[in-house]
Amino acid sequence: MKTILLTGGTGLVGRRLTHHLNSKGYKVIILTRKIPAATQKQVEYASWDVSSQTIDVQAIQKADYVVHLAGAGVVDKRWTNAYKKEIKNSRTQSSALLVATLQNNTNKVKAVISASAIGWYGADVINVGKQKGFLETDKPATDFLGETCKLWEESIEPVQKLGIRLVKLRTGIVLSSDGGALTEFKKPIKMGIAGILGNGKQMVSWIHIDDLCRMYIAGIENELMSGSYNAVAPEPVSNKVLTMELAKIMKGKFFIAAYVPAFVLQLMLGDSSVEVLKSTTVTCEKIRQSGFTFLYPDIEHALQQLCKPT
C-alpha cells in the first residue's frame, strides 16, 4: 500500500481527495496543527506548524508521494493587507517547510503534486491569441493573485533539484456539494433569486471536485506528468450561464433572475470583488493530452450531479 502525505487535508478538496485516495487503496497521512481525537481507517494524522517551521519528520519518511494543498482561503476573508500577507505566506512558507524537510532527511518521495491556481493568468485578453483560453506557457499576471501564484509555484520548485517529480495543478473554480463557490451561488437561488454577478458575461473556468481529485491521482500515478497543468473543465461558461443553469436545476421555472451591480459587490467583498467579476478563460488541452478524461466536462451534467439529493 502506497502512502500519500497530504497538506491541507482538512479543507474542501483535501477531505474529498482523502476519500478518493482511500477508495483506491492508498494510505493517507494528513499534516495538521491539531490532531483530532477520532481517527479513520487508512488515515493517519501528523503534526506540523508552518509558522514555527516544525514538522513530524517521520511522516515525510513514510510517504511515497506528497500532495500539497495547504494555503489560506483566497475568498474566506476581506483582502486587508494583513490577510493578503497571510494568503501568500501560508503557501510559500508551507512549501519551504516541505522542501527543507525533504532536503535534510532521507526519504522515498517519488513525486510532489502541488496546488496552484488560475489566478496565475489574470483577466482575459481580447485578442486572437487568447480566444481559446490561457495556456500553461503564458506568463503570470502582475496583479495580487498572479504574483501570489508565481511565488507559490516558485516556492515548491526546488524539490525538482532533489530528483523529485513535480506536478503543479493550476485550479479553477471548484464546484462541490459540500461547500465552496457552489454553496454561495445556491444561497439566493434557494430564495427564488438567481443572482447574476456584474453583467454576467465574465467567463468562469470551473471544475467538478471529483475530476479535480482524479487529476491529483493522475499526477501521482502517471509518471510522464511533470510541470504545470490547468485543472479546469473543457467548457468554461459565463457567470450568467452557470447561475441560470443552477437555478433551473434547483427551482425549475420558479425563480427570478437579478443582476448584482459591481458596486454592490465592491461594498460586500472589498478588493476581492475583482475576482468574482474577472473573466478568465483557461484551456485544459495539456491535461487531456496526458490521457486524462473528464467525468463532468460540461456544466449541465456537473451541476445535475452536484445537486442530486443524497
TODO: Just give me the residues in the stretch 110-121 being farther than 24 Å from Ser51 by Cα, surrounded by 16 or more Cβ atoms within 10 Å (Cβ to Cβ) and either among the polar types (S, T, N, Q) or more than 16 Å from the chain's Cα centre (by Cα) (or both), in sequence order.
DONE: Ala111
Open item on the list: Considering only residues that are in a loop (DSSP other than H, G, I, E, B) and either out of contact with any strand residue (DSSP E or B) (no Cβ under 8 Å at 6 or more places or on another chain) or among the polar types (S, T, N, Q) (or both), which ones fall in the stretch 49-95?
Closed with: Val50, Ser51, Ser52, Gln53, Ala72, Gly73, Val75, Asp76, Lys77, Arg78, Trp79, Thr80
TODO: Output the residue which, of all residues in the stretch 135-173 that are closer than 21 Å to Lys278 by Cα and among the charged types (D, E, K, R), is surrounded by the fewest Cβ atoms within 10 Å (Cβ to Cβ).
DONE: Lys139
Task: Matching option when the condition is among the small types (Gly, Ala, Ser), more than 24 Å from Val174 (Cβ to Cβ) and surrounded by 14 or more Cβ atoms within 10 Å (Cβ to Cβ), among Ala82, Ala96 - done: Ala96
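Let's see how each residue does on (1) surrounded by fewer than 21 Cβ atoms within 10 Å (Cβ to Cβ); (2) farther than 30 Å from Ser155 by Cα; (3) without any contact (Cβ under 8 Å) to a residue 24 or more places away in the chain:
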| residue | (1), (2), (3) |
| --- | --- |
| Gly179 | yes, no, no |
| Gly192 | yes, yes, no |
| Val204 | no, no, no |
| Leu212 | no, no, no |
| Asn239 | no, yes, no |
- [ ] Assess whether Ile189 counts as being out of contact with any Pro (no Cβ under 6 Å at 6 or more places or on another chain), among the β-branched types (Val, Ile, Thr), in a helix (DSSP H, G or I) and farther than 30 Å from Ile256 by Cβ.
- [x] no
- [ ] Would you confirm whether any residue within the stretch 21-32 is in a loop (DSSP other than H, G, I, E, B) and among the hydroxyl-bearing types (Ser, Thr, Tyr)?
- [x] yes
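Values quoted throughout were computed directly from the atomic coordinates according to the rules given, and no laboratory measurement underlies them. All values derive from a computational prediction rather than experimental measurement. Quick reminder, even Gly has a Cβ in these numbers, built from the backbone with ideal geometry, and neighbours come from all protein chains shown.
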